[in-house]
Structure formats: structure tokens, C-alpha cells
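What follows is a set of notes on a single structure, which appears directly below.
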Amino acid sequence: MPTTRARRGGEVGAAGSAYAALDLLATLVAVIDDDGRIQYANHALEDAIGLSRRTLAGVPLAEWITQPELLHNALAGARGHEYAVIRYDTHLKRLMRAPLPVHLVLASTEAADRRIVEMLPLEQQARLEREERLLEQAQANKELIRNLAHEIKNPLGGIRGAAQLLQMELADREDLTEYTAVIVHEADRLQSLVDRLLAPHRRAPVMGDVNIHEVCERVRTIILAEFPRGLRVVRDYDTSIPEFRGDRELLIQAVLNLAHNAAHALKDRIAAGDACITLRTRVQRQVTFGKRRFRLALELHVIDNGPGVPEDIKDRIFYPLVSGREGGSGLGLTLAQTFVQQHQGLIECDSRPGHTDFKILIPLP
């Protein structure tokens, strides 16, 4: 087990005031001197190792790394100004637990004798990369949708207007006005699709106090009214979840879109009478969104026992116009993701045959 050496309280307190902002980070951070001894450990690193920063102060960080020679080499390179930033994968030792695989980043600071060591758990790094991809995808979708919708909208109005004029000219030819009626009808359908594509980007959220269980109950009522037989909607609520600021109607629509998708995926089980959707709420602690750490977050699951998301679209389910069912618009999940991201959150999906779980994560105050 790595050794520890206590430092004087005054030194720890002085370091604490200088580096207090590091406690807001979700990543594990240590400030070390040129000899590699820990001068400061943030809360995340304390939690990971299982010791307080006061106990860790003055201890060589290399004692807590499974490949200490790599850290020694990195420090030598930093002291010699060979590198500004050094990265590599290693393992962080922990008390009474297995070593944690981390991506270690060693960087210089403005102080010549201090280095910052940031350790990002590899699982967390993968999650951050996935979140960044979702955010980038959402932004790209937004631009694509806006441009595509405007490109469609202008000629669509001309097509509909021309069809109406032609319909008036052919008023005495019922066999031909059927065709113009089809053109007008399809133009209206495309116009409705364009309006739905643009809707979430036109309306600013109307913020108010939201009780997530009122949102869930509203969705449950709507789904059971639409599917009165063969489908159970199970409540699994954590009633201690506090109210938070949000747009109630947008959140209802987001959860309803997920529940609707689940219900349509369950059509065979509904016919058999054993379809089930579960609405589950939980609180998750110390959650990271992007690179910000939040003390609490709402975790809302919409779980179904259907066949699962088709493999060929698993990586694209939040793209616009991608649908796993015949006749689907491919907008439900895209809009749901947009509405949740307007609350600084995101939607994740875990799907396999017999169990599909769409999880909404939203920071709580």
C-alpha cells in the first residue's frame, strides 16, 4: 500500500485557497511540485483514492500510479521544457478497491515549480466523447433541418398554388381534379412536416417550476388512452426528487415521444397482452455533462420490453428522418433530444432484444 506523510495544516490551507476552483471539476486533479509530491488534491481525487487531501499532501503521486516510471519520465520532460502537455493511459491505485483505469494528462502551470495532473477515468472519457458527439450531432442536425426546411418551403408554396389554379381551370373535369387534389394534399403534408422540423427552433422555452412526476403522469394518461388494452405502464418513482426550472410542455412532449416510440415498438406484445412500459425516476449524484460537474441530476428512464432498436440504425436513432418502423416520421427522437438539450441535459439509449431503455438526464439545482 502506498505510504502517506502528513503536512502542516497551514500549508494545506494555503494550497486549498489557491486551488479551490479545482473542486468544481468532475475529473481527478492533483497539483504536484517538481519532485512529483502532491500539493493539492481536488474532491474528485479524494473520493477516487479514498483519502483526504490533508493525508495525501506531500506524498509522491507516483506511489498511487501503477506505472510510476512513466510519471517520472513525464516530469523530467516537463522540467526540461521538452513538452507542454503529456498524455498517457495508466491506472490509479485506490484503497480497498481495484485500480482505476485513467487517461493521465500532465501540464505545466504559470508557477515554474508546479504541475497539474488531470486523470480522466477511461469510462468517463468515453462518456464525455459520446456526449460531445451527441451535442455536435444535435448542432449539425439543427443547421441541416433549418436549411433543408427553408429550401423545401419556398418551392412547396409554388407547387401548391399552381395545383390550386389548375384545379380551378379543370373544375368540370372530375377525372383530372383528382390528381390536382393529390398534389395539394401531399403539399400540405410536406408543409406540416417542414413546420414540425422548424417548430423546436422557433419557440423559446417557457421556464417554470416542474414536477417531473406530473410530467410522467400526463404521459401515462395519454399513452393508456391511446393503447387501452394489452399494455401496462408501470410507475417506479423516487418521490424525493425536487422540482426544478424547466419548460413543462416541452418535457411532456419529449417523454411522450419516447413513450410513443416504445408503444409502437410493442405492437406484437400489445396484441399478445404482455406489453410493458416502465417510467422510472431516480436521482444521480456527481454527474458530468460536457465538462461541467453537477451535484445532482434527474434520471428518467422510459423502458419497454419490445424487440429493441434495429442494429442498422442504433448509431443514428437521433438523426432526423431516421425511423425504425414503417410509416414513422423519424422526428420523434430528434425532437425529444432537442427539447432535453434545451434543459442542459441529454438522452441516452441502451437497447437489446426484450429491453430498451431511453434515459433522460437533466441537471437539478
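Farther than 24 Å from PHE318 by Cβ, modelled with pLDDT of 90 or more and either assigned by TED's automatic domain parsing to the domain that holds LEU296 or of a type in the set (Ser, Thr, Tyr) (or both): is that true of ASP247 in this structure?
Judged against the criteria, ASP247 is not a match.
Contact list please: Cβ distance under 6 Å, first residue in the range 159-172 and outside any helix (DSSP H, G or I), second residue not aromatic (Phe, Trp, Tyr), pairs at least six apart or on different chains.
LEU170/LEU176; LEU170/THR177
Does ILE241 fit the bill of being of a type in the set (A, V, I, L, M), surrounded by 19 or more Cβ atoms within 10 Å (Cβ to Cβ) and under 20 Å from the mean Cα position of the chain (by Cα)?
It is false that ILE241 is of a type in the set (A, V, I, L, M), surrounded by 19 or more Cβ atoms within 10 Å (Cβ to Cβ) and under 20 Å from the mean Cα position of the chain (by Cα).
So, LEU71, is that one in contact with a helix residue (DSSP H, G or I) (Cβ under 6 Å, 6 or more places away or on another chain), over 27 Å from PHE294 (Cα atoms) and crowded, with 19+ Cβ neighbours inside 10 Å or not?
Yes.
Say we look at the range 39-96 and pick out the residues that are among the aliphatic types (A, V, I, L, M) and in a strand (DSSP E or B); which of these is farthest from the chain's Cα centre (by Cα)?
Per the stated criteria, the residue is ILE65.
Sort out which residues of the range 16-34 are at pLDDT below 90 and in contact with a helix residue (DSSP H, G or I) (Cβ under 8 Å, 6 or more places away or on another chain), and write them in order of number.
Matches in the range 16-34: GLY16, ASP23, LEU25, ALA26, THR27, ASP34.
State the number of residues belonging to the range 252-304 that are at pLDDT 90 or above and over 23 Å from ILE212 (Cα atoms).
12
Given the residues THR66, THR27, which is the only one that is surrounded by fewer than 17 Cβ atoms within 10 Å (Cβ to Cβ), in contact with a strand residue (DSSP E or B) (Cβ under 7 Å, 6 or more places away or on another chain), touching a residue at least 24 places away in the same chain (Cβ under 8 Å) and hydroxyl-bearing (Ser, Thr, Tyr)?
One residue alone meets the criteria, THR66.
The values are calculated or read from the model by the stated rules, or taken from the named source; none is laboratory data. Because the structure is predicted, anything quoted here is derived from the model rather than measured. All Cβ positions, even for glycine, are placed from backbone atoms using ideal geometry, and neighbour counts span all protein chains on display.
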